[in-house]
Amino acid sequence: MASTTSVSRRALGVVLLGIATLLFAQPWVLRSTAADVGVPTIAEPSSWIGLAPPALVAAGAVTFLSGIAAVRGRTLSARASLAAPIVCVAVGVALGVGIDPDSLATTGIPVSSVVVSGLTPFVVAGAAIGGSFAPVVLGATREDTVALLAGAILLLVGVGLSPAPALALVAGLLGGGGAIGALWVLDAESWRP
């Protein structure tokens, strides 16, 4: 018979996976709104809507990994959290790839009709920065130097490759940092030292 703790932990995992799904779905909803914005700039406040997709992807990735660990009845390890930036990159790229409806052929989808949004590099960089906070935080609280250093390196690489480093860092902090703050309360077993 399963213990009450493991059953409630698995139920928490299912809830966290549901939250992660909602977080991943929101950038798809915002995709048509943010597609014409391009990379956000400090000078143009109307472009700040572009901060939402990377923040939501980062929050979704961190919550997703925490949910997977909880469903398995375990806590999220610092090294397993290194997968968060990878999930962020995959979802960010998938979010930016689309099909140009004007160039669709009747016999199929030619390669020339696949387009990548101009916001994709910013979304990928901002989300990867946000996802990198997970191994940094867990590496620091669990004294796992490898995860801490790898997370810090991934964070710095994301900042360095972003077309708008300061705003990508803000988006990552809002998404990854916000998710970690919420999980600190919801999934204290995984996140608190």
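The values are calculated or read from the model by the stated rules, or taken from the named source; none is laboratory data. No experiment lies behind these values; they were computed from the predicted model shown. All Cβ positions, even for glycine, are placed from backbone atoms using ideal geometry, and neighbour counts span all protein chains on display. We work out accessible area using only protein heavy atoms, side chains counted, and drop any ligands, DNA or RNA first. Shrake-Rupley method; radii C 1.70, N 1.55, O 1.52, S 1.80 Å.
Could you sort Trp184, Trp48 by their accessible area in this structure, using a 1.4 Å probe and putting the largest first?
Sorted by accessible area, descending: Trp48, Trp184.
If I model a spin label as a point 7 Å beyond the Cα along the Cα-Cβ vector, how far apart are those points for Arg79 and Leu161 in nm?
2.3 nm
Can you give the extra length, in nm with one decimal, that the chain gains between Val93 and Ser6 once fully stretched, where that is 0.36 nm per residue apart less the Cα-Cα distance?
27.8 nm
If I model a spin label at Arg192 and Ile153 as a point 7 Å from the Cα along the Cα→Cβ vector, what separation in nanometres do I get?
For Arg192 paired with Ile153, the spin-label model returns 3.3 nm.
Probe radius 1.4 Å, ligands and nucleic acids left out: which of Arg79, Arg142 has the largest accessible area, and how do the rest follow?
Putting Arg79, Arg142 in descending order of accessible area: Arg79, Arg142.
When a/c is below 1.5 the answer is rounded, else prolate if a/b is larger than b/c, else oblate, so apply that to the range 133-191 with a ≥ b ≥ c taken from the square roots of the Cα gyration tensor eigenvalues.
It comes out oblate by the Cα gyration axes.
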